1. Using 1/(1 + (r/R0)^6) with R0 = 30 angstrom and r between the beta carbons of residue A:86 and residue A:302, what's the FRET efficiency to the nearest 0.05?
2. Quick one: length gained pulling residue A:158 to residue A:127 fully straight, 0.36 nm per residue minus the C-alpha distance?
3. Could you tell me how many cubic angstrom of Cα convex hull volume region B:10-122 has per residue?
4. For the Cα atoms of chain B, what angle does the longest principal axis make with the long axis of helix B:280-293, in degrees from 0 to 90, nearest 10?
5. Return, for the Cα atoms of the protein assembly as shown, the radius of gyration and Dmax in Å, separated by a comma.
6. Nearest 10 degrees is fine. How inclined is helix B:217-228 to the longest principal axis of chain B, computing both from alpha carbons?
7. Determine the shape class of region A:232-378: with a ≥ b ≥ c the square roots of the Cα gyration tensor eigenvalues, call it rounded for a/c under 1.5, and otherwise prolate if a/b is greater than b/c, oblate otherwise.
8. In whole Å, what is the distance between the alpha-carbon centres of region A:145-224 and region A:285-317?
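Rule-based calculations on the coordinates, nothing more; no lab input. Because the structure is a prediction, the values reported are computed rather than measured. Virtual Cβ from ideal backbone geometry, glycine too; neighbours counted across all protein chains shown.
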Amino acid sequence: MDLFEYQGKRYVARFDVPVPAGGVAATVDEAVGVARRVGYPCVVKAQVRVGGRGKAGGVRVAGDEAEARGCAEAILGMEIKGHTVHRVWVERASEIAAEYYASFTLDRPNKVYLGMLSAKGGVEIEEVAEHDPAAIARRSIDPLVGLDEPTARAWVEAAGLDAAALDGAARLLCALYRCYDEGDCDLAEINPLVLTTDGRVLALDAKVTLDDNAAFRHPEWAEYAATETEDPRERLARERGLTYIGLDGTVGIIANGAGLAMSTLDVVNQAGGSAANFLDIGGGANADVMAAALEVINTDSKVRSILVNIFGGITRVDDVARGVLAALDRVEIASPIVLRLDGTNAAAGRELLEPHLSDRLIAAPTMLAAAARAVELAV
Amino acid sequence: MAIFVDETTLVVVQGLTGSQGRFHGVRNRDYGTKVVGGVTPGKGGEDVEGIPVFDSVKEAVAETGATASFVCVPPRAAVAAILEAADAGIEFVVCITEGIPAHDEARCYNQLVTTYPGTRLLGPNCPGIISPGRCNIGITSGEIARPGGPVGIVSRSGTLTYQALHELSAQGVGQTTCVGIGGDPVPGTNFIECLAAFEDDDETGAVMLIGEIGGSEEERAAEWIKAHMTKPVVAYIAGVTAPPGRRMGHAGAIISGSQGTAQAKMDALADAGVLVARNPTEAGERMVDVVRGI
């Protein structure tokens, strides 16, 4: 789960990462209220989960109340790379002496944690990584050992941060590491991390991705559910326990397992069609889940045919068949459905569907045949 | 021969008394796997369809001589179960549990490496391992596999593992062992370890590798194949047309660069001499050709 900047800043702040005083606002009046509280000059920042908002005019500085109002009016409702700005974060402007970069993430090949720190922070960090990789000081961190302050200090020195930033940066790195580790982040990234002219080290932005698998031990994450996705269909799918990503094509896809779902997209594409979505009903899906999946896809008016591709393992094909029939009972499915069913209890599943087969409910013997038929129907 | 497990493997099922553990544990036993016990704390002395249940893995090992464990417990208990098995001297642990936090997986893996180097973990979040006709640990339907070899399968995706077995069996081509390594961020066993085991296995004549987008495990496997593998490899990578994945901020881009896309993986594998197929069916057909040529 990706957090917005305002959520990420509050999240890292819980672990004592210093962030500027600020607040979130959904209306112009609220934004002005926050500005009054934090004082001027202040920065008004669009809250979107996409890069490049500064270049798009989504980050502006205000010197007084009238300017703060003007900034909020300009930014709220703005479109940035297809994302509508519903909220702004308003914070006291910092006087910046230097901009750095810091992050913690998983080093997948080596199965340890990876910390990255650079004296060349700011928006162009990816270019730094590409053209000047030596400017990024990497530290492997053993998950069983963690990061202590002496190690953090040595790391800050190795990265070549200004001497004035040493104490503050080392403390901030330890706090950010605790946030990454105890806070169950997939990614905790501060860019820019700044040294202010009065010698403080602060997180001016925070990009935090939480590990959804750890939600069971973080009841406080419940507050993020409401802002997690803006796509109503994605939200509906999530409520039903489905992994759904909307796409532009005309063939609705339902499969079990992410690998098979991706593979289904591939074969639809190879058959000359295009997928309207990615939908993984997961392992052990029952009839209700299958019915919910069909109902979610049914709300997509782009869909011209639906391809159900199931290879039962934990998921039992007879349950899938019952789900299809239940969905057909409950709602009118607008598009013809092509089914490919194999694996655990496949014979029983096919038998259940047999009496209901028609030109609206079609069985196909293989994955490729099913894809070809679904594409034909979607043209 | 087979890799990692065979007809001599003695298996205990951790979580045998739960609904999933019972269903799959008994199914594995009925397939012919030597399931010698189950473990559920507090339920020692009971049995599940004739399989004795013990309070701890240590006790189960002492009583049955078990060498492998099948961990079938919920996410919050899975890491403790894996480490308990390792501490009891179990050499091979299969964990099918989906939804374990990544940090728990990282700590578990590093604990295994440092404290229990004699234990191999397969998974988590994997379908398990099957050496057809000999041993099946996990959730794969035994009937879709075909004994006799000569193909070894290693796959990151559960349902695509079944698809691969199905494609080969339907064409009359058997398998030596099929290993599902799972798609979680910190897999206990990776592609390279499986490829190396297949390379050393006399019965295995060719290997099918099923990968998917994300990470760089397939690229690393390609490098290894180029340097060490003498047996033919057929690969399929799922996700050529998948929507661009969630990019993990700048950090993700910095770590992986252009790696991670299906195309980059396919190019790396092709460059290593691997036959790269466009879909699972084509991978099966390619493998049939390879096997006929051996």
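1. Working: r = 25 Å, r/R0 = 0.83.
Efficiency, from the Cβ-Cβ distance: 0.75.
2. Details: separation 31, 0.36 × 31 = 11.16 nm, distance 2.03 nm.
Full extension from residue A:158 to residue A:127 adds 9.1 nm.
3. On the way: hull volume 9.8 nm³, N = 113.
Dividing the Cα hull volume of region B:10-122 by its residue count gives 87 Å³.
4. Rounded to the nearest ten degrees, it is 80.
5. Values for the protein assembly as shown (Cα only, Rg and Dmax): 26.5, 80 Å.
6. The two axes meet at around 80 degrees.
7. Numbers: a/c = 1.26, a/b = 1.10, b/c = 1.14.
Because its axes are fairly even, with a/c under 1.5, region A:232-378 counts as rounded.
8. Region A:145-224 and region A:285-317 have Cα centres spaced 41 Å from each other.
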